[in-house]
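Structure, as structure tokens:
The values are calculated or read from the model by the stated rules, or taken from the named source; none is laboratory data. Since we're looking at a predicted model, the values are computed, not measured. Counting neighbours? That spans all protein chains shown, and the Cβs are built from the backbone with ideal geometry, glycine included. Accessible surface is based on the protein model in full, side chains and every heavy atom, while ligands, DNA and RNA are left aside. Shrake-Rupley method; radii C 1.70, N 1.55, O 1.52, S 1.80 Å.
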Amino acid sequence: MPDSTQTLLLTCLLGLPFVGAIGLGVLKNRVPESVSGFLAVLLTAIGLFVSVVIAASVGEPLHWQTDWISFSGHTFPLSFQLDALSRLMLVVVHGVALLVQLYSIEYMRGDARIGPYFAYLQLFVGAMLGIVLAGNLLILYGFWELVGLASYLLIGFWYHRPSASRAATKAFLMNRIGDAAFLLGILLTYIQTGSVDFGTQPLTTAAGLCLFMGCVAKSAQFPLLTWLPDAMEGPTPVSALLHAATMVAAGIVLLARIHPMLSSDALTVVAAIGTATALWGGFSALFQLDIKRVLAFSTVSQLGLMVAAMGTGNVSGALFHLLTHACFKAGLFLAAGSIIHAVHTQDMRAMGGLRKALPYTFAAYVICAAALAGVPLLSGFLSKEVVLGGAVVWAAQRGGLAMLVPVGLLISSGLTAVYMARQLRLVFWGEPTDAEMIPHEPGWLMRGPVLLLAILSVGVWFSINPLSAHHSPFFAQMHLPVLPEGPVWLAPLSIALVLVGGWLGFRLREPATDSKLALASFHYGYLDQLYQRLFVNPTRALANFLHRADQRAVDGLVNGFGIGTVLLAHIAAFIDRIGVDGVVNGAGKLAVGVGQLTRSVQGGRVQTYIATAVAVVLFLLWWIL
Amino acid sequence: MLQIAFFAFIALTLIGALTVLLTRNVLYSAYALLLTLLGVAALFVFAGADFLAVSQIIIYVGGVLVLVLFGVMLTSKPTTISTSTVVASERSNAILAGSRGVWLGVLLAAGLFFGLSRLLMNAHFALFDQPISKAPTTIDTIGKQLMTEYIVPFEVISILLLVALVGAGYLAKKSIKP
Amino acid sequence: MNPSLSYSLLFVAAALFSIGLAVVITKRHAVVVLMGIELMLNAVNLNLVAFSQYDPSRLQGQVFSLFVMIVAAAEAAVALALIIQVYRHVKTVVLDELTDLKQ
């Protein structure tokens with residue numbers, strides 16, 4: 001395919017979602033709701049078609065670049081690139097977004113703000129495509145912030161719920177921490193290398209870690225993971241999109257891009273944080289009661305797995321896991337949405353026995369959950385083996401404390417089996433809690449995407465050999481070095497862990513909700529409470545203090561001024577009564593003049609404001625001359 | 001001869017501007033503004049900008065000034081000042097506007113002028129050492145520039161004019177539905 | 001025109017700008033304030049044109065002041081529409097009585 005055609009297709013890819021976002025935003029509710037959903041689906045379908053065409057035509061990586069800003073010797077290019085990673089992510093993002101939007105047509109039916117909903121979704125997809133296609137750090141940062149904005153809009157979509165708007169604010173603020181560090185990292189990169197391109201040489205550890213902080217916030221890594229469970233306040237299809245293809249994947253894409261720029265110390269930190277996140281997320285998912293929160297923490301845990309894989313130098317493994325994870329996690333969320341749609345609650349204690357009522361959803365859920373847990377023959381098993389194998393090989397080379405990484409990852413994958421089995425038991429087995437209510441399967445528009453994603457979670461699509469993915473066509477496509485296979489004992493060991501974990505999760509009796517362990521898990525290790533105490537409360541206290549100081553000092557000054565004027569007037573009156581008229585008039589005029597001066601500054605007259613501004617400018621002019 | 005004309009036009013411009021400032025009658029202000037705008041157009045000619053001079057007359061004198069006059073008339077209220085005053089500018093058909101904070105304003109303006117002139121006196125502009133234009137007219141250069149280098153601003157400004165037209169019409173409508 | 005005359009154009013522009021500023025600050029009638037703004041814009045145009053004479057190949061100053069004029073015309077139209085609407089609303093165009101910005 002000639003380059004010019006690819007450039008055209010690229011423009012079309014990046015343009016379509018934004019056109020959709022603006023168009024749907026303008027149309028709002030002026031068209032019937034089915035039309036806006038149809039339009040959004042159509043746009044994404046075109047995008048999917050184009051990206052499949054691009055992905056199928058294996059070509060040289062394409063770079064497209066033009067000067068954006070240049071001043072006094074510094075030039076910042078506007079550049080996009082289309083390499084193997086972009087091709088992969090284009091298909092994943094479009095595929096998941098298409099299914100999610102199809103699903104949303106039915107799930108969101110009857111919502112008053114259906115037009116803006118699809119507009120935000122398109123914005124989200126467009127921003128994510130921008131991240132995927134960005135050719136340097138600066139462009140990536142721009143779209144990065146756009147993803148933040150879109151996630152804020154979508155998480156807080158039902159903004160009339162206080163919890164939703166609080167969750168949206170929290171996600172936004174948490175991401176700001178990471179974004180600030182990311183921006184700092186870009187600046188450090190620029191200082192060190194003189195360009196904002198994705199470099200191939202390692203930078204200093206500090207710069208690498210700053211860049212990595214962006215990923216920490218977006219991909220909900222330890223310690224900035226608390227926003228992800230709260231983000232469940234958004235509509236369920238949004239959660240599916242957010243967890244599978246767009247928001248959290250952005251961090252992994254960033255990490256894949258900057259991987260060559262990280263020094264070996266930085267990579268060790270990345271591996272450590274990934275492992276900690278995998279364990280933390282897995283532990284927190286154990287005793288959650290909300291069906292979506294379990295999935296949220298499982299996402300945290302799986303993201304930890306990917307980040308740890310990146311840290312161990314296993315970029316291809318992490319991306320492979322991202323791909324398989326996108327399929328089954330989107331499937332899980334959409335299936336959970338179907339369940340919530342059917343029983344109108346998110347509390348797993350109020351579910352149970354849904355196996356018979358929702359057979360399709362049940363089948364899809366079991367397949368996806370098994371894939372997540374890493375049951376053989378399914379996609380999750382393959383990618384987890386690649387990640388774990390890479391980690392074991394890496395640790396064997398390092399020795400010592402490095403062994404903690406594969407051990408932690410193995411434990412977290414065992415935990416995955418435990419909580420997924422527990423969730424299956426709570427939701428689908430047991431007796432229905434409410435005999436009156438008979439849940440129904442949703443329509444085909446919702447069932448279809450779920451089943452399709454479940455089918456895509458079967459391992460045979462990714463590798464012919466059901467026990468190893470090392471000869472998968474995926475790696476040949478990605479032009480990335482395939483890591484050496486892990487030791488032979490790894491696969492049996494992890495299968496055994498999954499079986500034991502699954503049995504435990506299925507058999508385990510629910511601990512009392514107030515036991516220490518369950519509480520610690522439910523509050524995800526009291527991380528939020530810690531932040532509350534460490535950061536939020538001191539900030540509030542500072543704000544309170546400043547407020548009080550403002551009240552005391554500033555207001556006191558103003559009041560004192562008033563009292564002083566009154567006092568002055570009294571004195572004047574006193575002297576007046578005695579009869580020294582001249583002094584009295586002078587004092588009175590002074591008081592009036594001062595009063596008018598202070599009053600006129602805030603008089604609401606535009607001209608006064610202009611005069612003040614000019615006076616200040618004059619003052620500055622004087623200063624300069 | 002040419003210099004005398006030049007300074008005469010400068011005097012015309014400044015006198016017009018001062019009249020805008022000093023008169024109380026809004027209509028007189030508008031007519032004085034006409035003087036100033038014409039003077040500036042003449043100064044444009046002296047500075048070798050013939051096309052701009054013509055545009056100045058067409059746009060400002062023909063367009064903006066007429067708009068301003070209409071604005072004055074559409075917003076005038078019957079004055080309460082009695083018809084018996086002898087001052088010409090306060091007759092009954094005058095539309096009066098007072099001033100406020102005169103000293104402050106004049107002080108600020110004088111300060112600004114003083115500062116700017118000090119700046120100009122101390123400055124030496126490198127551009128003034130360049131050779132001067134000998135072209136008989138600037139129209140072809142401006143035309144080429146507008147169609148090549150400034151094509152984007154040119155198109156954008158056409159959209160701006162359209163938007164301003166629609167916006168002004170919409171704003172000035174009898175009633176705006178909330 | 002020799003550079004000394006160009007300098008005097010700059011002084012005229014400075015004076016025109018200052019007078020315009022004085023009009024904007026002191027006058028109470030909204031339309032007169034608008035006239036002051038037009039004066040200031042004209043002063044700026046005069047500056048641009050004075051410099052552009054020494055740049056015959058590109059004439060950046062003249063093109064720029066052409067744009068300024070057009071924008072000023074659009075601005076005058078919108079501003080007068082606003083003034084008329086304000087006048088309908090509160091029956092006055094005296095700026096001292098329009099202190100809603102205070103709230």
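Rounded to the nearest 20 debye, the dipole magnitude of the protein assembly as shown is 1800 debye, with +1 charges on Lys and Arg beta carbons, -1 on Asp and Glu beta carbons, and the Cα centre as origin.
Residues whose amide H lies under 5 Å from that of residue A:68, counting only those 5 or more places away or on a different chain, are A:76, A:78; hydrogens are built 1.01 Å from N in the peptide plane. Computed over protein heavy atoms with a 1.4 angstrom probe, the accessible surface ordering of B:57, A:186, largest first, is B:57, A:186. Listed values for the range A:136-142 are Karplus-derived 3J(HN,Hα) couplings in whole Hz (6.51 cos²θ - 1.76 cosθ + 1.60, θ = phi - 60°), namely 8, 5, 5, 5, 4, 4, x, and x replaces Gly and Pro. The convex hull built on the alpha-carbon positions of the range B:138-178 has an orientation-averaged projected area of 3.9 nm².
Close amide H contacts of residue A:430 (hydrogens built in the peptide plane, cut-off under 5 Å, sequence separation of 5 or more or a different chain): A:353.
Shielding by partners for peptide B:137-148, expressed as the average number of C-beta atoms from other protein chains within 10 Å of each residue's C-beta, is 2.
Around residue A:326, with a cut-off of 15 angstrom between Cβ atoms, what is the net charge of the other residues, counting Lys and Arg +1 and Asp and Glu -1? With Lys, Arg at +1 and Asp, Glu at -1, the net is +3. Overall, the range A:288-378 carries a charge dipole of about 180 debye about its Cα centre when +1 sits on the Cβ of Lys and Arg and -1 on the Cβ of Asp and Glu, all other atoms neutral.
List the relative contact order of chain A as a percent without decimals, with contacts defined as Cα pairs under 8 Å and 6+ residues apart. Answer for chain A is 11 percent.
Sorting A:354-366, A:560-572, A:77-89 by average packing, meaning the other beta carbons within 10 Å per residue, from highest down gives A:77-89, A:354-366, A:560-572.
Rounded to the nearest 20 debye, the dipole size of the range C:3-102 about its Cα centre is 140 debye, using +1 on the Cβ of Lys and Arg and -1 on the Cβ of Asp and Glu.
Rounded to whole numbers, the Karplus 3J(HN,Hα) couplings from phi for the range A:541-551 are 4, 4, 4, 4, 4, 5, 4, 5, 4, 4, 4 Hz, using 6.51 cos²θ - 1.76 cosθ + 1.60 with θ = phi - 60°, and x at Gly and Pro. Using a Gaussian network model of chain C in which every pair of alpha carbons under 10 angstrom is joined by a spring, one finds that among C:18, C:65, C:57 the greatest mean-square fluctuation is at C:57.
Per-residue shielding of B:31-39, expressed as the average number of other chain Cβ atoms within 10 Å of the residue Cβ, stands at 3. Equivalent-ellipsoid semi-axes for chain A (Cα gyration tensor, √(5λ), whole Å, largest first): 52, 31, 27. When you count the other C-beta atoms within 10 angstrom of each residue and take the mean per peptide, A:205-216, A:143-154 line up highest first as A:205-216, A:143-154. Taking a Cβ cut-off of under 11 Å around residue A:157, the surrounding Lys, Arg, Asp and Glu residues balance to a net charge of 0, with basic ones at +1 and acidic ones at -1.
On a 0 to 90° scale, report how tilted helix A:291-311 is relative to the longest principal axis of chain A, with both axes built from alpha carbons and the result rounded to the nearest 10. That helix lies at roughly 80 degrees to the long axis. Please report the net charge: other residues with Cβ closer than 15 Å to the Cβ of residue B:141, K and R +1, D and E -1. Value of the local net charge: -1. Per residue of the protein assembly as shown, the DSSP helices (runs of n ≥ 4 H) give a summed -39500 (n - 2.57) that works out to -23500 deg cm²/dmol at 222 nm.
Protection proxy ranking for A:61-67, B:2-8, C:90-96, using the average of other Cβ atoms within 10 Å per residue and placing the highest first: C:90-96, A:61-67, B:2-8. Database remark: amide H of residue A:458 closer than 5 angstrom to the amide H of A:379 (H placed geometrically; neighbours at sequence offset of 5 or more, or on other chains; Pro and chain starts carry no H). Normalised by residue count, the range C:3-103 yields a Cα convex hull volume of 92 Å³ per residue. If one puts a single equal scatterer on every Cα of chain B and applies the Debye formula without solvent, what log₁₀ I(q)/I(0) results at q = 0.10, 0.15, 0.17 Å⁻¹? At q = 0.10, 0.15, 0.17 Å⁻¹ the computed log10 ratios are -0.65, -1.25, -1.35.
Shielding value for B:123-136 is 4, the average number of Cβ atoms from other chains within 10 Å of each residue's Cβ. What the phi angles of the range B:23-40 give under the Karplus curve with 6.51, -1.76 and 1.60, with θ = phi - 60°, is a coupling list of 6, 9, 8, 5, 5, 4, 4, 5, 5, 5, 4, 4, 4, 4, 5, 5, x, 5 Hz, glycine and proline written as x.
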